[in-house]
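What follows is a single structure, written as structure tokens, with notes after it.
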Amino acid sequence: MKLIDDIVSNAPHIQALRRDLHAHPELCFEEVRTADIVARQLAQWGIPIHRGLGKTGVVGIVKAGTSERAIAMRADMDALPMQEFNTFAHASQHKGQMHACGHDGHTAMLLAAAQHLAKHRDFDGTVYLIFQPAEEGGGGAREMIKDGLFTQFPVEAVFGMHNWPGSSVGKFAVSAGPVMASSNEFTITIRGKGGHAAMPHNAVDPVPVACQMVQAFQTIISRNAKPVEAGVISVTMIHAGEATNVIPDSCELQGTVRTFTVELLDLIEQRMRSIAEHTAAAYGATCEFELVRNYPPTVNSQREAAFARTVMESIVGKNNVDEQEPTMGAEDFSYMLMAKPGCYCFISNGDGMHREMGHGAGPCMLHNPSYDFNDELIPLGATYWVRLAEAWLKP
């Protein structure tokens, strides 16, 4: 690996910052302390900052030369509402809050890059460093854009990066096209007629109606969608009844829909609504159907993905840059990619040996109570950010 020497030498300081952030996680739109630390570090390195976009967002501005060209690089800052199982010194001090997705590490890598960029400025143009709040369900990217992110800081392209557990440190993954899915939630309320469980003929039981719907929804993927298109319909909650001898008045289904295209999502929503309404009617019941569209698909631009791959290969070699396998997880960086060309890549977080043992063998996956970001990634991730900016804004 061709790491930048001064980033490697400064890594212990950035690691200490990362572990402090891990110990003090903050949930979406509550990243006040985190944003203060980011802003203070940027200011110490002579980087002008702008605060308040998306409520707690921070943008650092590093200029060099005379060109008006600009690039943006983004890290997310928020934590998850879950209890940490780790007992190491930097474990979360906030009950029910945890950096279980590595956003503390993402922030640290971009800070390490910021320090080097501010010191050397070996490029011609402007690098905008976006420290974004509320990726975990709050749509912080969307809110920063609404508040004028790309109006105040116009860029040619925007880039993001996420750690990915399971393979050895020193590897990246990047591809053009869809790399993460849309995230959508549905709620279906089936209304029947309650009654005594011993006299079902006097009632309209919503439970078998719900069961028919759950089974029928799977035919949308297998028989309505094109076989080459990927989609997931998961009914994850069924709520009905309060007593064993009472047929309930209503039954509620909730779940998620994931797709890589808006067109497939449109089809799924139309078919789910039709199946729900007609199944309910066939059994003498009624239903209320609601689908809420959260994050759109994350789709990398062809040119920017190819450019990122070239930069990665220059650092770790071609054999260590994999094709990015699309995942049905969702990411609000999608909003930035809808606004600007760009690329969202994965950086390998290791095989799990960096973390505290005792919580199961193998890699500790994201959103796991024993997860921890691998600090070995800090020099590599920061080197990628720096080389990406320098290559894009080459004098």
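Of the complete DSSP H runs in the chain, those spanning 24 angstrom or more by Cα along the long axis with a mean Kyte-Doolittle score not below -0.5 are 5-23, 103-120, 262-282.
Under the convention that each Lys and Arg Cβ holds +1 and each Asp and Glu Cβ holds -1, the size of the dipole of the chain around its Cα centre is about 680 debye. Size of the chain from its Cα atoms: along the principal axes, largest to smallest, the extents are 80, 43, 41 Å. GNM remark for the chain: springs join alpha carbons under 10 Å apart, and the peak mean-square fluctuation among Ala282, Ala134, Ala43 falls on Ala282.
GNM remark for the chain: springs join alpha carbons under 10 Å apart, and the peak mean-square fluctuation among Phe172, Phe29, Phe159 falls on Phe29.
Label segment 277-395 by shape, choosing from rounded, prolate and oblate, from the square roots a ≥ b ≥ c of the eigenvalues of the Cα gyration tensor; if a/c is under 1.5 it is rounded, and otherwise prolate applies when a/b is larger than b/c, oblate when it is not. Oblate shape, in that a/c is at least 1.5 and b/c is the bigger or equal ratio. Among Ala75, Gly65, Thr259, whose Cα sits farthest toward the positive end of the charge dipole of the chain (+1 at Cβ of Lys/Arg, -1 at Cβ of Asp/Glu, about the Cα centre)? Ranked along the dipole, the leading option is Gly65. Free of any GluC sites (Glu not before Pro) that DSSP assigns to a loop and that have at most 14 other C-beta atoms within 10 Å, the longest stretch within the chain is 69-228.
Which percentage, to the nearest 5, of the DSSP beta bridges contained in the chain is antiparallel? Show your work: numbers first, answer last.
On the way: 44 of 65 bridges.
Taking every DSSP beta bridge with both residues in the chain, the antiparallel ones total about 70 percent.
Ranked by the mean number of other Cβ atoms within 10 Å per residue, highest first, peptides 198-208, 117-127 order as 117-127, 198-208. The Cα atoms of segment 1-160 define a convex hull whose projected area, averaged across directions, is 9.5 nm².
Look at the alpha carbon pairs under 8 Å that are at least 6 residues apart: their mean separation over the length of the chain gives a relative contact order of 25 percent. Sort segment 232-340 into rounded, prolate or oblate with this rule: let a ≥ b ≥ c be the square roots of the eigenvalues of the Cα gyration tensor; rounded if a/c is under 1.5, and if a/c is not under 1.5, prolate when a/b is larger than b/c, oblate otherwise. Note, shape of segment 232-340 comes out prolate. For segment 184-292, the gyration tensor built on C-alpha atoms gives a prolate shape. Its axis ratio a/c (a ≥ b ≥ c) is at least 1.5, and a/b is the larger of a/b and b/c. For the chain, the mean residue ellipticity at 222 nm estimated from helices alone is -11000 deg cm²/dmol, where every DSSP H run of n ≥ 4 contributes -39500 (n - 2.57) and the total is divided by all residues, rounded to the nearest 500. Listed by chain and number, the aspartates and glutamates placed with their C-alpha closer than 14 angstrom to that of Lys171 are Glu313, Asp322, Glu323, Glu325, Asp351, Glu376; residues fewer than eight positions away on the same chain are left out. Selection among Ala210, Val127, Gly52 by position relative to the dipole of the chain gives Val127 as farthest towards the positive end (Cβ unit charges, Cα centre). Here's the list of lysines a cross-link from Lys340 could span, going by alpha-carbon distance under 23 Å and ignoring same-chain residues fewer than 8 apart: Lys55, Lys63, Lys146, Lys394.
Just so you know, all these numbers are worked out from the coordinates, no wet-lab data involved. Given the structure is predicted, the values throughout are model-derived calculations rather than measurements. Don't worry about glycine lacking a Cβ; one is built from the backbone with ideal geometry, like all the others, and counts go over all protein chains shown.
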